[in-house]
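One structure is given below, encoded as structure tokens.
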Amino acid sequence: MQQGLLLVNLGSPASPETADVKSYLREFLSDQNVIEMPRAVWQPILRGIILPMRSWRSATFYKHSWTKSGSPLIAYTQIITDQVQELLPKWNVKMAMTYGQPDIVETLQQMQSDGCDNVILLPLFPQYTQSSTKSIIDQAEKSGVNLTTIKRFYQEPTYQKILAEKIQAEWDADDYDELFFSYHSIPTAMVKHGDPYQKECEQTTAGVSKLLKISNDQIKTVYQSKFGPLPWLKPYLKNALMQAVQLGKRNILIVTPSFVADCLETIEEDNVQNYQTFKATGGDKFKIVPPMNSDAKFSQFLADLAVRNVQSEVS
């Protein structure tokens, strides 16, 4: 029998065309781990208002970020998967997406058919939250495959060291006033109901900051990618950027630790929309630390993490 490893990321539309984006958003926003509102209330709003208004607009953003290899998130996740497979030649390493293709359940069942008696499930989200990690686990458990799940890795010293090295290299390459750790936001109601995400984000900032040669008073934790009218975790990145400029801090470096691969949020939201807001407010230097993407050190970390979890299962 063979050991399996499934790396799971969020997903992407099959294409940047409006119909495919609409189909993707319908699946994503119908997940009750993402939108907790009762289905009977939410589905008419989603199908009657949100999808008709949002799909074409989101499609224009996807078209801006689409590459010759397709979706950047899918392309980078495939590169990471290939790198890890090369590092673990005796394993069966695959990738899947929470929404869209490749499907989690289908991929796991195929891995089982190929001879995997156990699969390590590794969501590519450093911090655990209901709206990302739990959705992956819920889907994976429907496969009937024997799983070993790694729910988080933000606390791993090697991960924090890799992230710190990437940040420090960018910080040293120019002159910045502040460093923003910008995490994908979630509704505050989820945190009140016990979701550990905010705490884990704050612990990520604290742990990585200890490894940086940057003053703590120059480091700020913020949140981005808010959706809908309800309150989400603050401070919001866009507001923090405008406030920084007002305080005379016009040179900002941003790192996005909740994203391990470039995606719509890093490419379009940050490098276009938030950049434009920052410049329009009077900002000067604006730079995003690239996510892990194809970083060989990160792929080695994932491979080592998977092996260690097999060994801990055996012991």
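The values are calculated or read from the model by the stated rules, or taken from the named source; none is laboratory data. Predicted model, so just to flag it, every value in this text is computed and none were measured. Heads up, the Cβs are rebuilt from the backbone with ideal geometry, glycines too, and the neighbour counts pull from every protein chain shown.
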message = For the structure I just gave you, tell me whether S143 is closer than 16 Å to G4 by Cα, modelled with pLDDT of 95 or more, assigned by TED's automatic domain parsing to the domain that holds L10 and touching a Leu at 6+ places or on another chain (Cβ under 7 Å).
response = yes
Residues of region 228-243 classified as surrounded by 13 or more Cβ atoms within 10 Å (Cβ to Cβ) and assigned to a loop (DSSP other than H, G, I, E, B), total = 3
ask   = If we keep just the residues of region 229-247 that are at pLDDT below 95 and touching a helix residue (DSSP H, G or I) at 6+ places or on another chain (Cβ under 9 Å), which is nearest to D175 (Cα to Cα)?
value = P231
query = Taking into account only those residues within region 132-167 that are surrounded by fewer than 21 Cβ atoms within 10 Å (Cβ to Cβ) and among the small types (G, A, S), which is farthest from L212 (Cα to Cα)?
reply = G144
Selected residue (only one of Q203, Q218 is of a type outside the set (D, E) and either closer than 11 Å to F180 by Cα or crowded, with 22+ Cβ neighbours inside 10 Å (or both)) = Q218
query = Got at least one residue in region 174-187 being part of a helix (DSSP H, G or I) and surrounded by fewer than 16 Cβ atoms within 10 Å (Cβ to Cβ)?
reply = no
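Rundown of residues vs (1) buried (at least 21 other Cβ atoms within 10 Å of the Cβ); (2) basic (K, R); (3) farther than 15 Å from F298 by Cβ; (4) in the same structural domain as T133 (by TED's automatic domain parsing), yes/no style:
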residue	(1), (2), (3), (4)
I80	yes, no, no, yes
E86	no, no, no, yes
K90	no, yes, yes, yes
M97	yes, no, yes, yes
Q101	no, no, yes, yes
T107	yes, no, yes, yes
Q110	no, no, yes, yes
S113	no, no, yes, yes
ask   = From the list W42, W66, which residue is aromatic (F, W, Y), touching a Pro at 6+ places or on another chain (Cβ under 8 Å) and either within 24 Å of Q130 (Cα to Cα) or in contact (Cβ under 8 Å) with a residue 40 or more places away in the chain (or both)?
value = W66
